[in-house]
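Reading through the structure tokens given below for one structure.
The values are calculated or read from the model by the stated rules, or taken from the named source; none is laboratory data. Remember, predicted model here, so these are calculated numbers, not experimental data. Note: ideal-geometry Cβ built from the backbone for every residue, glycine included; neighbour counts use all protein chains shown.
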Amino acid sequence: MTGVATLVSMAALLPLGFVVWITIQTGWQTAIAMVFRARVGELLVNTLLLEAWTVPLTIVLAMTLAWLTERTNLPGARVWAWLAVAPLAVPAFVHSYAWISVAPGLHGLPAGVLISVLAYFPFLYLPIAAQLRRLDPAAEDVAASLGLGPWSVFFRVVLPQTRFAICGGSLLVGLHLLAEYGLYVMIRFDTFTTAIMDQFQSAYSGPAANMLAGVLVLCCLGVLGLEARIRGDERYARVGSGSARMPDRRRLGRATVPCLLIPALTAVLSLGVPLFTLGRWLEFGGAAVWRMEAIGPALVQTLLLAVAGAVLATLAAAPMAWLSVRFPGRRQRALEVCHYHVGALPGVVVALALVAITVRVAMPLYQTVFTVLFAYALMFLPRALVGLRASIAQAPVELERAAMALGRTPFQSVRQVTMRLAAPGAAVGMALVALGITTELTATLMLAPNGTTTLATEFWSLTGEIDYAAAAPYALMMVVASLPLTFLLHAQSRRAAGR
Amino acid sequence: MKKSLPSFASVLALGAFLVGSPLMAVSALAQGADADGIIIYNAQHASLTQAWADGFTRDTGIKVTLRKGSDMELGNQIVQEGAASPADVFVTENSPAMALVDGAGLFAPLAADTIAQVPPEYQPANGRWIGVAARSTVFAYDKNKLTPAQLPKSLLDLADPSWSGRWGASPSGADFQAIVSALLELKGEAVTSSWLKAMKAGVKPYRGNSVAMKAVNAGEIEGAVIYHYYWFGDQAKTGENSKNVALHYFRKGDPGAFVSVSGAGVLASSKHQAQAQAFVKWVTGKGGQEILRDGDSFEYAVGVGARSNPKLEPLAKLQAPKVEASKLNNKTVTDLMTSAGLL
């Protein structure tokens, strides 16, 4: 198992290794000329401003919504909770497509921040809401009895206890901002990812693109480091006997109506705008845009790639998940970091590395389905790992031993006990990977075999020719494909909190 | 444990099958499962090349698979792939990518009867690739905001600070880069470099010519340097992205009057030489050129005696500058644009 996990780790290190290798290969002179230029400065400023505006705004919005839906008597809280997760089903570039249809002049940083917040706030809402549900209200009662007002209780007791959720969610949002391509191209906001694609389209896998990828990787590592620092290593745990009681819901009273406006407005902007635009383009396009001879193959190929990629990622993650649960240790921890870091790398970096590697040293794999699936498996390895790990941890080794004591061989006992118990987690992990692949754009554009089309690439080429009506069916299908998975996520996060 | 849950074991067991069978299925779908067909690296508008491919397949029975990309992406890709390239034919929107692949010595000579189908001004002297269509540079402007007297007389005028913030282009696109390569060929590196620096300060960059034209139509900018057919294509459909837009041709041999030649060539490494040669012959012949006249691409036909769409300004009246297509150098252009901060 260790051997297999090491092998997967080495594969996961390929993109990062490639960036380092190509930097050395390019030579310092060229590398410095390519990195220290005005354009890179511009992109860096854009990227930092985007992160600095979007992440805090997203935290405030997600926290407000989570508090309203979990800790107040807001009418229809359950419905609002669903609506706060649902925007996840709309791919980020479809959000962008919707907004420029409604407001064609929208561009630059303000547009980037607005659409990013609307597209990504569920990533923060989910963990914060789950954490709020889990909190023991006793701590708040104690604080209140010691004389703190409601606001002080929130800031000094509730907020610190949601720190892990906020940090984890912000990390996810921060990394998405760095990796996203389609969203920012449509509103003419340049980031490293868009600039790398420009260079790729002007000079294929040249030094300028590779050096930009190097800077982008540094940005990602910076975000990871920042999150680790802010999160710190303090622990929050409830000690004491018995189980926590259900938290009280605060009565909103006269504030009910204004408070209702917040989730309502969010839902209108994050769901209403995309769905309204899609509906309008579909109506405008009529039956003519449903060209099944093009849509059919794209749908079939997307589904095949999603299923195959999900299975591959789960298989690749299985040895590590098993090791990290059964034999935790320093070496396993190091291997695990190798597995996780690749999820933080943007698709454009992974794809750029694989293009260059396959074209130079692995020509038979070049432009094959295998390479695309390999890229997907790397990019979505953490998604598969998280689900598997949690569910293997729920199958204690004692059960295997009991099975063996009852006469099963070791292999049989693993197969009949542990693997069965781990199946639901594996299924959730696979669903998450499949969802990621369905809406993946950059790696697919760069690596897809000749003649391959997916829903995302077709949508992209049609919007490039501003044929928004013809692009609408593809967007609709991506949304529909993502909906069940989004519901699954929401249901799972409620179950995880035990409510 | 509920019975209905799939056991992890069977998931694992199915794994190989599930990974394996889509692999084959996608390959089959992607390759058209036909070893005799040809693969075209296509940077032309997908709809135009698809129409050519459909016509060619109908006449010859030879299947065609397209790989989509932009001129320089696919050109550089072919160079990096070298002799192992899966491509049989390369079709572009502009000449520089053709010159790039030709410079690497990767094209096979074209058959003499193919070369004879296109006048010499639309192909390089060495006969290793050939023009299949042409497009003209235009200044698409907002006719509500600009009178003909206020229009720039030359492409170079746009570097003037008075134009700052008023015009747009799609600098990351192959089309605009071809226009810059013509400027480089006509006026030299010093003029081009300073023009690009002025452009960086004054241009509003868009991604895609149609997006730039849409911005002119919406009043975001007063004009944009694009190719002519975007306007004709939109007028032929609904006109919703071009109703406020008119076209200005620079003429008088100005760099802005550059007519760009779209090319096609057969890769020397192709294992389907006969089929690939047949495709280029078909496209430059009657069938291929009639698609340009009758279809909705609105690009100029270049074949001997071939007619373009009658709605277009005649090619002969454009007074395009004389530029040797095979000399257009995109490497220098991307380097200059990278150092000007446009890429």
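Provide a single number: the residues in region A:251-271 that are surrounded by 15 or more Cβ atoms within 10 Å (Cβ to Cβ) and not hydroxyl-bearing (Ser, Thr, Tyr).
Result for region A:251-271: 8.
Would you call residue A:417 within 10 Å of another protein chain (Cβ to nearest Cβ) and buried (at least 20 other Cβ atoms within 10 Å of the Cβ)?
In short, yes.
Of the residues B:81, B:93, B:73, which is assigned to a loop (DSSP other than H, G, I, E, B), closer than 23 Å to residue B:328 by Cβ and either touching a Phe, Trp or Tyr at 6+ places or on another chain (Cβ under 9 Å) or at pLDDT below 90 (or both)?
None of the others qualify; the one that does is B:93.
Out of region A:448-463, which residues are buried (at least 18 other Cβ atoms within 10 Å of the Cβ) and in a helix (DSSP H, G or I)?
Selection gives A:455, A:456, A:457, A:458, A:459, A:460, A:462, A:463.
Checking the structure you have, find out if any residue of region B:229-249 is among the β-branched types (Val, Ile, Thr) and within 11 Å of another protein chain (Cβ to nearest Cβ).
yes
Out of curiosity, is residue B:65 surrounded by fewer than 24 Cβ atoms within 10 Å (Cβ to Cβ) and either closer than 17 Å to residue B:130 by Cβ or within 13 Å of chain A (Cβ to nearest Cβ) (or both)?
Considered against the rule, which asks whether it is surrounded by fewer than 24 Cβ atoms within 10 Å (Cβ to Cβ) and either closer than 17 Å to residue B:130 by Cβ or within 13 Å of chain A (Cβ to nearest Cβ) (or both), residue B:65 comes out as yes.
Can you tell me which residue among B:246, B:264, B:257, B:268 is in contact with a strand residue (DSSP E or B) (Cβ under 9 Å, 6 or more places away or on another chain), touching a residue at least 24 places away in the same chain (Cβ under 8 Å), surrounded by fewer than 24 Cβ atoms within 10 Å (Cβ to Cβ) and within 30 Å of residue B:36 (Cβ to Cβ)?
B:268
All but one of (1) part of a helix (DSSP H, G or I); (2) out of contact with any Ser or Thr (no Cβ under 9 Å at 6 or more places or on another chain); (3) within 30 Å of residue A:100 (Cα to Cα) hold for residue B:274; state the number of the condition that does not hold.
Of the numbered conditions (1) part of a helix (DSSP H, G or I); (2) out of contact with any Ser or Thr (no Cβ under 9 Å at 6 or more places or on another chain); (3) within 30 Å of residue A:100 (Cα to Cα), the odd one out for residue B:274 is (3).
Sort out which residues of region B:108-151 are in contact with a His (Cβ under 8 Å, 6 or more places away or on another chain) and either at pLDDT below 95 or in a loop (DSSP other than H, G, I, E, B) (or both), and write them in order of number.
B:148, B:151
Taking region A:2-43, which residues are under 17 Å from residue B:342 (Cβ atoms) and assigned to a helix (DSSP H, G or I)?
Those that are under 17 Å from residue B:342 (Cβ atoms) and assigned to a helix (DSSP H, G or I): A:33, A:34, A:38, A:39, A:40, A:41, A:42, A:43.
Which is aromatic (Phe, Trp, Tyr), surrounded by fewer than 18 Cβ atoms within 10 Å (Cβ to Cβ) and touching a residue at least 24 places away in the same chain (Cβ under 8 Å), of A:151, A:82, A:67?
Answer to the selection: A:82.
Do any helices (runs of 4 or more DSSP H) entirely within region A:154-272 hold 2 or more residues that are under 22 Å from residue A:143 (Cα atoms), and if so, which?
A:163-179
Consider residue A:129 carefully, then state whether it is under 28 Å from the mean Cα position of the chain (by Cα), touching a residue at least 40 places away in the same chain (Cβ under 8 Å), buried (at least 21 other Cβ atoms within 10 Å of the Cβ) and closer than 30 Å to residue B:241 by Cβ.
no
Of the residues A:445, A:441, only one is over 21 Å from residue A:270 (Cβ atoms), surrounded by 20 or more Cβ atoms within 10 Å (Cβ to Cβ) and hydrophobic (A, V, I, L, M, F, W, C); which?
A:445
What about residue A:307, is it touching a Ser or Thr at 6+ places or on another chain (Cβ under 8 Å), surrounded by fewer than 21 Cβ atoms within 10 Å (Cβ to Cβ) and farther than 23 Å from residue A:180 by Cβ?
Taking the combined requirement at face value, the residue does not satisfy it.
For region B:192-223, which residues satisfy the criterion of being within 11 Å of residue B:245 (Cα to Cα), at the interface with chain A (Cβ under 7 Å from one of its Cβ atoms) and in a loop (DSSP other than H, G, I, E, B)?
Within region B:192-223, B:218 is the sole residue that qualifies.
Quick one: residue B:88 ticks every box in (1) surrounded by fewer than 17 Cβ atoms within 10 Å (Cβ to Cβ); (2) more than 10 Å from chain A (Cβ to nearest Cβ) except a single one, so which number is it?
If we test residue B:88 against (1) surrounded by fewer than 17 Cβ atoms within 10 Å (Cβ to Cβ); (2) more than 10 Å from chain A (Cβ to nearest Cβ), just (1) comes out false.
Which residue is farthest from residue A:11 (Cα to Cα), if the candidates are limited to region A:361-372 and must be of a type outside the set (Gly, Ala, Ser) and more than 8 Å from every other protein chain (Cβ to nearest Cβ)?
A:364
Please count how many residues of region A:290-312 are part of a helix (DSSP H, G or I), in contact (Cβ under 8 Å) with a residue 24 or more places away in the chain and away from chain B (no Cβ under 13 Å).
Here the count works out to 1.
Considering only helices (runs of 4 or more DSSP H) fully contained in region A:351-421, which possess at least 3 residues that are closer than 30 Å to residue A:217 by Cα and not charged (D, E, K, R)?
Per the criteria, A:369-379, A:381-393.
Looking at region B:31-40, can you tell me whether even one residue there is part of a helix (DSSP H, G or I) and at pLDDT below 90?
Scanning region B:31-40 turns up at least one residue that is part of a helix (DSSP H, G or I) and at pLDDT below 90.
Only one residue in B:222, B:189, B:240 is surrounded by fewer than 17 Cβ atoms within 10 Å (Cβ to Cβ), acidic (Asp, Glu), in contact (Cβ under 8 Å) with a residue 40 or more places away in the chain and in the same structural domain as residue B:142 (by TED's automatic domain parsing), so which one is that?
Every option except B:189 fails the conditions.
Got a sec? Which of A:148, A:124 is in a helix (DSSP H, G or I) and more than 14 Å from every other protein chain (Cβ to nearest Cβ)?
Exactly one of A:148, A:124 is in a helix (DSSP H, G or I) and more than 14 Å from every other protein chain (Cβ to nearest Cβ), namely A:124.
Scan region A:36-61 for residues that are within 14 Å of chain B (Cβ to nearest Cβ), β-branched (Val, Ile, Thr) and surrounded by fewer than 18 Cβ atoms within 10 Å (Cβ to Cβ) and jot them down.
A:45
Among B:110, B:100, B:74, which is within 15 Å of the chain's Cα centre (by Cα) and closer than 25 Å to residue B:62 by Cα?
Just one listed residue meets the conditions, B:74.
Note down all Cβ pairs under 7 Å where the first residue falls in region A:198-218 and is within 10 Å of chain B (Cβ to nearest Cβ), the second is of a type in the set (Asp, Glu), and they're at least six residues apart or on different chains.
These pairs meet every condition: A:200/B:73; A:201/B:73; A:204/B:73.
Which condition number does residue A:324 fail, the rest of (1) at pLDDT below 90; (2) farther than 20 Å from residue A:2 by Cα; (3) among the small types (Gly, Ala, Ser); (4) crowded, with 17+ Cβ neighbours inside 10 Å being met?
(2)
Please verify whether residue B:266 is at negative phi and in the same structural domain as residue B:40 (by TED's automatic domain parsing), treating the condition exactly as stated.
The answer is yes for residue B:266.
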